[in-house]
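K.L.:
Once you've had a glance at the structure underneath, I'll fire off some questions.
All of the numbers you see were taken from the coordinates with simple rules; none came from a lab. Not measured: the values here are computed from a predicted model. We place every Cβ from the backbone using ideal geometry, glycine too, and count neighbours over all the protein chains shown.
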Amino acid sequence: MTKEINVLTTTDLHGFISNEGEPPALALQGLKGKYPNSLLMDSGDFFVGNQLTTFFCDQMPVSPLVDYAKKVGFDVMVPGNHDFDHGIKYLKEQVSHLNADYVCCNVFNERGELIFSPYAIKEIAGVKVGVIGLLTSRMSMISDFPVTTGVIVKDALPELQKQVADLRNKVDLVLVGYHGGLERDLATQNEINYATGEDETFKLVSQTPGIDGFSCGHQHRVNHGKIKQALVVQGGYRGNYYGHMTFEFNEQNELVKSHEEVIATATLPAMKGDFYQEDDYQKWLQEPLDLSHLVSFLQAKFARKHMGIFISLKGQTRKQVIDSFTIPYGVRIYHLILPEYQKFVQQDWTFKAEDYQEGAQDFIILTNSYDVPEFRLTEQFVDNIFDEYSYYLKQDK
């Protein structure tokens, strides 16, 4: 007689639970009812990621995403890098209201103490399941310094190896929720990313014996396969896919068979959301945003010597400011020669701040305009300028 455990995974939902339309994340509310003996885990970037989550942070001490997490029925959750975007105090407040265990084994405070539990142990149909949480090692590269004040993210590999060694003899099944991506193709094992340390799934699994299932994310990609004997799933973005790992055990709780897949959430029955007041949200979007600190915020964030800032906005309301920064690259840095610069500055700018040495013949500019020679592009940023500036204003009060 065998028994089957269903492990369901999500990642990078980024708070897309809008009442308007039919975002796929809302359909996840009925997911656990589809599978017997199931455990549902999320691999991070859950609380932050669009203007709706900024509204939640700005207006409510407890995000409606907490209620959403309860209705979906998450058992275990892991932080992603963007979950820290409103500061560790805000994140810990949200976590304190969850029903789910919130775990991460490589996030420490400045005293060297773990901020969250390294793992959780759940029992499902008599099978003991351990779930370890893990955050990308390169948090310092992809997050602004003020966001991570009081937070130290240690190298993922040794911390993971330590926890797997501790957990392996305590449970029948070892799972990992990792907010980081894949650096190698699961089928060919060929490298698909530069080895920056930001995405290390292949390295982490192949160098850590004892892992049965591994859920990754961060890259907003959809993947599934195996690394050695460990199942690996990566479930996309905004809840458009979920991972499904099945583990079959015999009467002695020995793992005898396993399988993985990713499934489009569109296959689930559509469900509605009612987690906040839509009228309040729309009113908030139409309110004017204090823009008096925008230039100083950008100067501090993108600290460069002798760089000009050129920002064009569609208006002063929150919605107009949001619409002024194109997704995914809200701002870009270009390096222009003198004739190009002279033409560029003639545009109509809402904010213009020039900082160049006298007699300069070439010019570095930061702008949200795309009306610039593309061959002069030197850097581009996926940072959510509206969200970060809103948090900056809140901290400044």
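K.L.:
List the aspartates and glutamates whose Cα sits under 20 Å from the Cα of K394, skipping any in the same chain fewer than 8 residues away.
P.N.:
Of all the aspartates and glutamates, those that pass the test against K394 - Cα under 20 Å, at least 8 places apart if same chain - are D58, D83, D85, E93, D144, D280, E287, D290, D383.
K.L.:
Quick one: Cα convex hull volume of the chain, Å³ per residue?
P.N.:
For the chain, the hull spanned by Cα atoms encloses 150 Å³ per residue.
K.L.:
Sticking with this structure for a sec: Under a no-solvent Debye model with one identical scatterer per Cα of region 289-396, what's log10 I(q)/I(0) at q = 0.18 Å⁻¹?
P.N.:
The calculated log intensity ratios at q = 0.18 Å⁻¹ are -0.88.
K.L.:
Still on this structure: Mind checking which aspartates and glutamates have their C-alpha under 16 Å from K71, skipping anything on the same chain fewer than 8 residues away?
P.N.:
Of all the aspartates and glutamates, those that pass the test against K71 - Cα under 16 Å, at least 8 places apart if same chain - are D42, D101, D274.
K.L.:
If we count other beta carbons within 10 Å of each Cβ, what is the order of F363, F145, fewest first?
P.N.:
Placing the least packed residue first, the sequence is F145, F363.
K.L.:
If the cut-off is 30 Å between C-alpha atoms, which lysines fall inside it for K228, apart from same-chain ones fewer than 8 positions away?
P.N.:
K3, K32, K34, K122, K128, K154, K162, K170, K203, K257
K.L.:
In addition: Residue by residue through region 173-184, what is 3J(HN,Hα) from phi via Karplus (6.51 cos²θ - 1.76 cosθ + 1.60, θ = phi - 60°)? Round to whole Hz and write x for glycine and proline.
P.N.:
After applying 6.51 cos²θ - 1.76 cosθ + 1.60, I find 9, 10, 10, 10, x, 10, 8, x, x, 9, 9, 9 Hz.
K.L.:
May I ask which residue of F56, A270, V164 lies farthest towards the positive end of the charge dipole of the chain, with charges of +1 (Lys, Arg) and -1 (Asp, Glu) on Cβ and the Cα centre as origin?
P.N.:
Value: V164.
K.L.:
Only loop residues by DSSP count here, and only those with at most 13 other Cβ atoms within 10 Å; note down the GluC sites (Glu not before Pro) in region 232-339 that meet that.
P.N.:
Working: sites: E248, E251, E254, E260, E261, E278; in loops: E251, E254.
Listed in order of number, the matching sites are E251, E254.
K.L.:
Then there's this: What number do you get for region 161-208 when its Cα radius of gyration is normalised by 2.2 N^0.38 Å, N = residues?
P.N.:
1.31
K.L.:
While we're looking at this one, here's another question. Taking the alpha-carbon set of region 1-43, what are its Rg and Dmax in Å?
P.N.:
Both quantities, over Cα of region 1-43: 13.0, 47 Å.
K.L.:
Using the Karplus equation 6.51 cos²θ - 1.76 cosθ + 1.60 (θ = phi - 60°), what ³J(HN,Hα) coupling, rounded to whole Hz, does each residue of region 281-291 give in order, writing x for Gly and Pro?
P.N.:
Along region 281-291, the couplings run 5, 5, 4, 4, 4, 8, 6, x, 9, 5, 9 Hz.
K.L.:
Against the empirical 2.2 N^0.38 Å scaling, what ratio does the C-alpha Rg of region 198-313 come to?
P.N.:
1.72
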